[in-house]
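Step one of this worksheet: look at the structure below.
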Amino acid sequence: MPEQEHEHVRVAVIGSGFGGLGAAVRLRREGVTDFVVLERADAVGGTWRDNSYPGCACDVPSHLYSFSFAPNPDWPRTFSGQERIREYLEHVADTFRLRPHIRLNSEVTRARWDGERLRWVIDTASGTLTADVLVSATGPLSDPKVPDMPGLDTFPGKVFHSARWDHGYDLRGKRVAMIGTGASAIQIVPAVQKEVGHLTLFQRTPPWVMPRADRAITRAERWLHRQLPVTTQARRAVLWGIRELQVQAFTKRPDELGLVERLAKRNMYRAIKDPALRAKLTPTYRIGCKRILLSNTYYPALAQPNVDVVASGLSEVRGSTLVAADGTEAEVDAIVFGTGFHVTDMPIAERVIGADGISLAESWKGGMAALRGATAAGFPNFMTIIGPNTGLGNSSMILMIEAQLNYLADYLRQLRVLGGRVALTPRETAVTGWNNRVQDRMRRTVWNTGGCTSWYLDENGVNTTVWPGTTTEFRQATRHVDVGEYEVLRAPAHAGTGTEKKAEVSAA
Ligand code: NAP
């Protein structure tokens, strides 16, 4: 039986956030036009489309949190809000003529490696296609995590996650519970505190919160950036350089972070005068162990009379009563979960089936691991953008994404050089060697030694998310694909070219 005819592309990219759109631009620049970007939603933007909660903003300055190849001289503030960043990504999709490649409402439900024909068979919500190379750019912050909460189904009020904000629900005058004190929650709290009737914050672990040096970028500065693009580059270089120097304290000398802790405490003391509340809000782990949060409005909001901080995690729901682990109870009308994302257990990993017929999730059961953060053993011609140990604790993820795009570009070049129907699959020893080196360096870092748990660690307590070095080091490590780290697979002679038709993606 001839295999059913499917559209075939050179590359299929999953996701249209910074990673997916960046990949699309890079592919076009490499002369690859035969590709699609598969997006489950009805618009591009990834996490910056999904997170529309009140107060949502980025705490990496926009001149650094943007593509180097798409500078924006007109960023209005040093730190941009979600809407601006989303607009920027829409603009990138237009400027680089990516729209013809983007398939909206096309959630990938399964992607299976066909070892005979050396290609991926990808089932999506809008049909099946095949691709020589599959790039997963779903990102670590795409699938919201809501804790398994006993009794949650008995709650009669409104429940939603920070990344799925229900804008149709009016919080005014309501008794609201905010669960969690991560980067999302600390932006939501001051944004909603004034309008809600009462806010109860369930804090399992207090975060370290530093002041946020946010300001409007003046018209003169923007004019200068437009007239002299080199000034935009210089601004970016300074922002990058500072963070490049800072990272040493996180990765090698966590003891030096005491001074930063004093600054963060001063930030709290300025707004919180009640000693009991100060005690609740003071972290007992080293700063940087969890992501350092930036806010000038979080502590002042907590000091308001309509806010209670319960210094204990939510453990049970009994009707409209929320019960904390320490027994504290609160009656509420709405629950907002600011409880983060499935980072080390990405749902997409369950849908990607490799050469041995097992899923990426199964293969990563003992912990995520990928060669140079990109390619996984047993998954030929498959790459993850923002893969294992490519996250950052203190700088812009866009730098890491662009480094991974260099690797993707060279990967495709190597396939071309090898010629014919060919695939690369990383050698197990190369993946293990890389991972051991990463974990070895991780031992000294604040993320492992700082005395906290965080989403950087997986269920085994292993840090499989953060890169323990500078962005420069990562960029160097991903500049070229070392083919010696891969096995070269060639299609058996009898495996025909298939009956697939070429994707007719034109993006003139
Ligand atoms: P997160 O950092 O994973 O925080 C989840 C929070 O939920 C933690 O405080 C956690 O407490 C808490 N939690 C979990 N179960 C709980 C329970 N039963 N009771 C009470 N609290 C509970 O998630 P996020 O805030 O969405 O942020 C995720 C990442 O997104 C950030 O680290 C950042 O990379 C990114 N982000 C960035 C920005 C920005 O740039 N400003 C804004 C938002 C998000 P524990 O600490 O005890 O685990």
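If each residue of separation counts as 0.36 nm, what is the full-extension length gain between Arg172 and Arg215 once their alpha-carbon separation is subtracted? Don't skip to the end; give the middle numbers.
Working: separation 43, 0.36 × 43 = 15.48 nm, distance 2.86 nm.
Here the answer is 12.6 nm.
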Review point. Taking Cα centroids, how far is region 249-328 from region 1-47 in Å?
Key: 41 Å
Check your understanding: Among the DSSP beta bridges whose two residues both lie in the chain, what percent are antiparallel, rounded to the nearest 5?
Key -> 40 percent
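Assuming 0.36 nm per residue, please report the length gained on full extension of the stretch Leu263 to Arg164 beyond their Cα-Cα distance. Don't skip to the end; give the middle numbers.
On the way: separation 99, 0.36 × 99 = 35.64 nm, distance 3.34 nm.
Full extension from Leu263 to Arg164 adds 32.3 nm.
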Point to revise | Share, in percent, of DSSP beta bridges within region 1-144 that are antiparallel, nearest 5 | key: 50 percent
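At a 1.4 Å probe, what is the % contribution of carbon and sulfur to the accessible area of the chain? Present the calculation step by step, with values, prior to reporting the outcome.
Details: 10980 of 21600 Å².
Of the solvent-accessible surface of the chain, carbon and sulfur hold 51 percent.
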Review point. How far, in degrees from 0 to 90, does helix 82-95 lean away from the longest principal axis of the Cα atoms of the chain, to the nearest 10?
Key: 20 degrees
Review point. Modelled label-to-label distance, Glu487 and Glu5, 7 Å Cα→beta-carbon offset: nm?
Key: 3.5 nm
Review point. Within the set Lys145/Lys194; Lys145/Lys273; Lys194/Lys252; Lys252/Lys365; Lys265/Lys365; Lys194/Lys265, which residue pairs have Cα atoms separated by over 32 Å?
Key: Lys145/Lys273; Lys194/Lys252; Lys265/Lys365
Check your understanding: How far, in degrees from 0 to 90, does helix 397-418 lean away from the longest principal axis of the Cα atoms of the chain, to the nearest 10?
Key -> 10 degrees
Check your understanding: If you take the beta carbon distance between Ala41 and Lys273 as r and set R0 to 56 Å, what does 1/(1 + (r/R0)^6) give as a FRET efficiency, to the nearest 0.05?
Key -> 0.80
Study note, to complete from the structure: Any aspartates and glutamates whose Cα falls less than 12 Å from that of Lys158, other than same-chain ones fewer than 8 residues away, would be Asp166, Asp170, Asp333
Review point. Quick one: if you stick a label point 7 Å off each Cα along the C-beta vector at Arg479 and Gln248, how many nm between them?
Key: 2.1 nm
Review point. If you find the alpha carbon centre of region 211-244 and of region 363-442, how far apart are they in angstrom?
Key: 32 Å
Check your understanding: Taking the Cα atoms only, what angle lies between the long axis of helix 183-192 and the longest principal axis of the chain, rounded to 10 degrees?
Key -> 50 degrees
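Ignoring ligands, DNA and RNA, what accessible area per residue does the chain give at 1.4 Å, in Å²?
43 Å²
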Exercise for review: State the cysteines of the chain left without a partner when partners are defined as other cysteines whose beta carbon lies under 4.7 Å away.
Suggested key: Cys56, Cys58
Check your understanding: Nearest 0.05, what FRET efficiency do Asp356 and Thr78 give at R0 = 51 Å with Cβ-Cβ as r?
Key -> 0.55
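The values are calculated or read from the model by the stated rules, or taken from the named source; none is laboratory data. What you see is a predicted model, and the numbers here were worked out from it, not measured in a lab. Ideal geometry is used to build each Cβ from the backbone, glycine not excepted, and the neighbour counts take in all protein chains shown. Ligands, DNA and RNA are stripped out before the accessible areas are found, and what is left, the full protein with its side chains, is counted by its heavy atoms. Shrake-Rupley method; radii C 1.70, N 1.55, O 1.52, S 1.80 Å.
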